[in-house]
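Quick note: the coordinates plus some simple rules give every number you see, no bench work behind them. Keep in mind that this is a model prediction, so the values were computed, not measured. Note that we place each Cβ from the backbone using ideal geometry, even for glycine, and neighbour counts take in every protein chain shown.
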């Protein structure tokens, strides 16, 4: 257990001490929240011109989350870089000398990456939700609307 | 042994200013090292890649308290052996035990074995200090030790710089800092002086001797015989993955260097006949000098005087260590320039 937490700590330091982490996560946030805002603004603008059927079926939560699929791409890049740079930089040798138990090392790496992505996804998804719903104005919903909180949590959970 | 140890100690504490200030007082003395055997045992080690045999039934033991050189031409299997020692490669047969255990079973290996790998195993985008920090955390080494090894290797001023911008010498210092991080009793260095400038070479040499004088096991690979003659006390020589010699440096020199007597004379042909007549193996070089193998200069002088031969020079020529090394490994070199196919 001590070895596991030590390995996890080491992997957490690795994540936060390279610039690619900041860039990929920032990009994810900008894509999710920023595009979410744009989509919501344009829909709020054109809402009155939409057909009656489209207006009836309008789903403000789904509209606000259009951007998540795109933002996910750079979150995937974060995960891929996490593993691949071990090999391209040769860090893998230092890692395996320091943590010779392969299973423990890989588990710590994946867990550290997954936890980072999960926490970050949750923040991003909530930020996206509030941004988009605010932009939708009268057509938006609050987190208290039926299914809104559930959708947000699941979006956060699945987007990693 | 005591003479060696004494000399090594004085080396270690001689103030050396190389780039940064080298100060060995930061390292604990031999007495504070854990009382383990610190012995590296290589037993019938073999490794083949496909049909190529890299290491062939290799057995030797590395003892603490001295620098042991691991010598062999390029491609002799040194790096493969060291990779197996660190659990980075799986042997085809045999095993390596450190303190009687497999490396992979050591619970916090950095505190037992420190390793300098030939290429820097650090992410270019990471700062030097952060590289050491994650290594420290992975083996539950206190964060304070990171600052200590940075100071020890003279990297304090560049600790916050990204590794990408490091020169070869700085990278090697970072590698050394990595190896020393856990204050381990056993140290493995793969080609540590390769490509370094004279200052860097001197720094590494002093560091290794200092570490050995503290009672640590220092195992260092090299393909440079002359470098090992200056650094190591014991030699393990391999060629084509097989053990060629396991001896002290002094023993290796005595056993493998043959000296000869060089003679310059206006009458080389006559001189050659005289020496040959006296049973001395002699050869005539194109420049007119004679080389007599295994003869004493006094004998040569006396023979010349008895025949009334004029001699301009009689000099003993020691065969160099490199020559001795090449003679020993000559049969075991894979690709010799202009050699066999």
Site residue B:119, offset 7 angstrom along Cα→Cβ, radius 20 Å on amide nitrogen, limited to region A:91-110, gives A:91-99
Here, residue B:41 and residue A:70, labelled 7 Å along Cα→Cβ, have an inter-label distance in nm of 6.5
When all Cα-Cα pair distances of the protein assembly as shown are considered, the percent exceeding 45 Å is 37
Between residue B:104 and residue B:168, Cβ-based FRET efficiency (R0 30 Å, step 0.05) works out to 0.50
Gyration tensor (Cα only) of region B:166-313 to equivalent ellipsoid, semi-axes in Å sorted down, yields 48, 17, 13
Listed with the fewest Cβ neighbours within 10 Å leading, B:170, B:225, B:326 appear as B:326, B:170, B:225
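Any number yet on Rg/Rh for region B:243-316, C-alpha, Kirkwood?
Across region B:243-316, the Cα-based Rg/Rh ratio is 1.12.
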If the chain between residue A:104 and residue A:58 were fully extended at 0.36 nm per residue, the gain over the current Cα-Cα distance would be 11.8 nm
The exposure ranking of B:102, B:223, fewest beta-carbon neighbours within 10 Å first, is B:102, B:223
So, with points 7 Å from each Cα along the Cβ direction, the residue A:30-residue B:59 label distance in nm works out to 6.4
In nanometres, the difference between 0.36 nm per residue of separation and the alpha-carbon distance of residue B:273 and residue B:160 is 33.5 nm
Largest fluctuation, B:297, B:73, B:198 only, Gaussian network model of chain B with Cα springs under 10 angstrom, belongs to B:297
The distance between the Cα centres of region B:78-138 and region A:81-133, in whole Å, is 22
Most fluctuating of B:313, B:41, B:101 in the GNM of chain B (C-alpha, under 10 Å) is B:313
Comparing B:81, B:119, B:157 in a Gaussian network model of chain B (Cα, 10 Å), the one with the largest mean-square fluctuation is B:157
Of the convex hull drawn through the C-alpha atoms of chain B, the volume per residue in Å³ is 177
Listing B:307, B:126 by rising number of other beta-carbon atoms within 10 angstrom, fewest first, gives B:307, B:126
Quotient of Cα radius of gyration and Kirkwood radius for region B:162-251, i.e. Rg/Rh, equals 0.98
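For residue A:87 and residue A:23, FRET efficiency with R0 = 35 Å and r from the beta-carbon atoms, rounded to 0.05?
Given R0 = 35 Å and the Cβ-Cβ separation, E is 0.95.
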